[in-house]
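Please read the structure below before turning to the comments.
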Amino acid sequence: MEHINNQHFQVSIDELGAELSSIIKDGRERLWQGENGLWNKHAPILFPFAGLCRMRVDGKFYQEKRHGFAREMKFTVIDKKENSITLGLQDTPETLLRYPFHFLFQVEYRIEEGIKMVYTIKNTGNQIMPFSYGGHDSFALTKPVEDHYLLFEKEEEFTALLQEEDGALNGKTMSFGSGTKLDLDNPLLKDDLSLLLKGIQSRYVTLVEKETNQKVCATSFEGINNLVLWHPGKSKIICIEPWLNLTDPVGEELIEFKDKYGVINLMPGEEKVLVRENFYF
């Protein structure tokens, strides 16, 4: 376990998955700590894709679990200062059996106004490298999820994509109106379901308590236009998850990975940088 801090934050990072495991701001824990035993993660990184994704490369299928392999692998500390740390993951013989590309994936956590996260993905091979990414950050709450709303910076159409039991999109949708406020007393935030919003315009959302209109937390996600919301059981937690790709639609298994929605294709030697930041009030 690695640690960074300043006068307001004490942050712990697990080398396994380069996952944030604790964020204490001004004496209070802001990450989910598994209080009800239904979910043992905190903020896993989803790479080389998010959700259910059947990976087909040049006609060959590669077996991969939901949310990819990065969350299960040990990262190496590359650089560390009092208030920042950079960790890296490279391809291995094991990853090449699951994802046939050479890569370098670096994650930097930096304490600024909030917790800034910089993801650098580099193609270190000699062929085009398709990849995607998703965040799965948890936010610990003091009140039930349904006592909050999510405030978007821009007007949105809140049309959620619906899923089959295995997680595949089934082509159906459910509308929750439009505007800048999404009420989290929502049927898709119950029974371990997910609320998937595709193609949103906002790049900043704020979680707000209904009764007091007090801000709880916020997150920014430049360059990412899908948002997934989830929470386990009756827990006082909300996961706000910016995803590049979305889980596969039913019947999409024959599409090449490089051609799927939300997948970025890097040329040899090219890199992509994604920057996000979480804020706590």
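The values are calculated or read from the model by the stated rules, or taken from the named source; none is laboratory data. Everything numeric in this text was worked out from a predicted model, so none of it was measured. Note that each Cβ is placed from the backbone with ideal geometry, even for glycine, and that neighbours are counted across all protein chains shown. Ligands, DNA and RNA are stripped out before the accessible areas are found, and what is left, the full protein with its side chains, is counted by its heavy atoms. Shrake-Rupley method; radii C 1.70, N 1.55, O 1.52, S 1.80 Å.
A few notes on this one:
- Inspection of region 264-273 finds a residue satisfying the criterion of being of a type in the set (Asp, Glu) and touching a Ser or Thr at 6+ places or on another chain (Cβ under 9 Å).
- Residue under evaluation residue 172, criteria (1) touching a residue at least 40 places away in the same chain (Cβ under 8 Å); (2) surrounded by fewer than 18 Cβ atoms within 10 Å (Cβ to Cβ); (3) among the basic types (Lys, Arg), criterion not met: (1)
- Failed item in (1) of a type in the set (S, T, N, Q); (2) open to solvent by less than 10 Å² (accessible area, probe 1.4 Å); (3) in a loop (DSSP other than H, G, I, E, B), with residue 213 passing the rest: (2)
- Residue match in region 176-198 (condition: among the hydroxyl-bearing types (Ser, Thr, Tyr), in contact with a Ser or Thr (Cβ under 7 Å, 6 or more places away or on another chain) and open to solvent by 60 Å² or more (accessible area, probe 1.4 Å)): no
- Inspection of region 87-107 identifies at least one residue that is under 20 Å from residue 263 (Cα atoms) and of a type in the set (Ser, Thr, Tyr).
- For region 94-113, the candidate set comprises residues that are of a type outside the set (A, V, I, L, M, F, W, C), in a loop (DSSP other than H, G, I, E, B) and farther than 25 Å from residue 2 by Cβ; within that set, the residue that is most open to solvent (accessible area, probe 1.4 Å) is 102.
- Residues satisfying the stated conditions in region 226-254, i.e. surrounded by 15 or more Cβ atoms within 10 Å (Cβ to Cβ), of a type in the set (A, V, I, L, M) and touching a residue at least 40 places away in the same chain (Cβ under 8 Å): 228, 229, 237, 238, 240, 244, 246
- Qualifying residue in region 255-265 (condition: surrounded by fewer than 19 Cβ atoms within 10 Å (Cβ to Cβ) and at pLDDT below 95): yes
- Each residue in region 59-87 was checked for being surrounded by 12 or more Cβ atoms within 10 Å (Cβ to Cβ) and assigned to a strand (DSSP E or B), and 10 pass.
- If you go through region 16-58 and keep only what is within 23 Å of residue 76 (Cα to Cα) and surrounded by fewer than 16 Cβ atoms within 10 Å (Cβ to Cβ), you end up with 16, 40.
- Tallying residues that are closer than 29 Å to residue 170 by Cβ, touching a residue at least 40 places away in the same chain (Cβ under 8 Å) and in a loop (DSSP other than H, G, I, E, B) within region 37-58 yields 14.
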